[in-house]
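The values are calculated or read from the model by the stated rules, or taken from the named source; none is laboratory data. Small disclaimer: the values here were computed from a predicted structure and weren't measured. Don't worry about glycine lacking a Cβ; one is built from the backbone with ideal geometry, like all the others, and counts go over all protein chains shown.
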Amino acid sequence: MPPRILIVDDEERFRLTLSKRLAERGLEVGATAGTGKEALQEIGGKAYDVVILDVKMPGMDGIQTLGEIKKINPHIEVILLTGHASVDSAVDGMRLGAYDYLMKPCDIEVLMGKINGAYDIKAGRDDRIRQAEIRRLVDRSPS
């Protein structure tokens, strides 16, 4: 199954173009959001594997949004995108659990590689959690 993706960016044209380009490559863009608040509402109601998140947005910026995403679901992988290079925001994002940090515009193939890498990590972690839950249930069952 392809990863389920949420794109969060305050630029509508960017969201639509990226959605289309990812869909053309077989990825499932579940939704897009124009603000951090919209992203949090979307994540609260649906399952996503990877979030592509703009750092510079009005209101709640990408770093704040990342922190809240990880509180809601620490297993979602987040790729930060920005047109405004900042070592501080990259470090803050990685410290909060971002998978990676890319500069806009980024090559679609580079982004695809990052999405696939993030999804591989999430899928592997999810599988290990399922296996641990199965072992726990088996260990609890009466013999």
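Every test in (1) surrounded by fewer than 17 Cβ atoms within 10 Å (Cβ to Cβ); (2) touching a strand residue (DSSP E or B) at 6+ places or on another chain (Cβ under 8 Å); (3) touching a residue at least 24 places away in the same chain (Cβ under 8 Å) is passed by residue 25 save one, and that test is (2). Among residues of region 115-143 being β-branched (Val, Ile, Thr) and within 23 Å of residue 81 (Cβ to Cβ), the one that is surrounded by the fewest Cβ atoms within 10 Å (Cβ to Cβ) is 121.
Checking each residue in region 3-15 for being surrounded by fewer than 20 Cβ atoms within 10 Å (Cβ to Cβ) and either touching a helix residue (DSSP H, G or I) at 6+ places or on another chain (Cβ under 8 Å) or closer than 19 Å to residue 62 by Cβ (or both) picks out 10, 11, 12, 13, 14. Give the number of residues within region 34-52 that are within 19 Å of residue 101 (Cα to Cα), touching a strand residue (DSSP E or B) at 6+ places or on another chain (Cβ under 7 Å) and outside any helix (DSSP H, G or I). Residues flagged as within 19 Å of residue 101 (Cα to Cα), touching a strand residue (DSSP E or B) at 6+ places or on another chain (Cβ under 7 Å) and outside any helix (DSSP H, G or I) within region 34-52 amount to 5.
If only residues of region 48-99 that are acidic (Asp, Glu), more than 17 Å from residue 34 (Cα to Cα) and modelled with pLDDT under 95 are counted, the one that is surrounded by the most Cβ atoms within 10 Å (Cβ to Cβ) is 92. The numbered conditions (1) within 20 Å of residue 18 (Cα to Cα); (2) of a type outside the set (D, E, K, R); (3) not in a helix (DSSP H, G or I) are all true for residue 97 except (1). Being out of contact with any His (no Cβ under 9 Å at 6 or more places or on another chain), assigned to a strand (DSSP E or B) and either over 20 Å from residue 2 (Cα atoms) or without any contact (Cβ under 8 Å) to a residue 24 or more places away in the chain (or both) is a property that does not hold for residue 16. Restricting attention to region 53-94, report how many residues are aliphatic (A, V, I, L, M), farther than 24 Å from residue 120 by Cβ, touching a residue at least 24 places away in the same chain (Cβ under 8 Å) and not in a loop (DSSP other than H, G, I, E, B). So the answer is 1.
Considering only region 79-87, I want to know if a residue exists there that is under 14 Å from residue 61 (Cβ atoms) and either among the β-branched types (Val, Ile, Thr) or touching a helix residue (DSSP H, G or I) at 6+ places or on another chain (Cβ under 7 Å) (or both). Within region 79-87 (the criterion being under 14 Å from residue 61 (Cβ atoms) and either among the β-branched types (Val, Ile, Thr) or touching a helix residue (DSSP H, G or I) at 6+ places or on another chain (Cβ under 7 Å) (or both)), the answer is yes, since at least one residue qualifies.
If the condition is being among the polar types (S, T, N, Q) and at pLDDT 90 or above, then region 102-143 contributes 116, 131.
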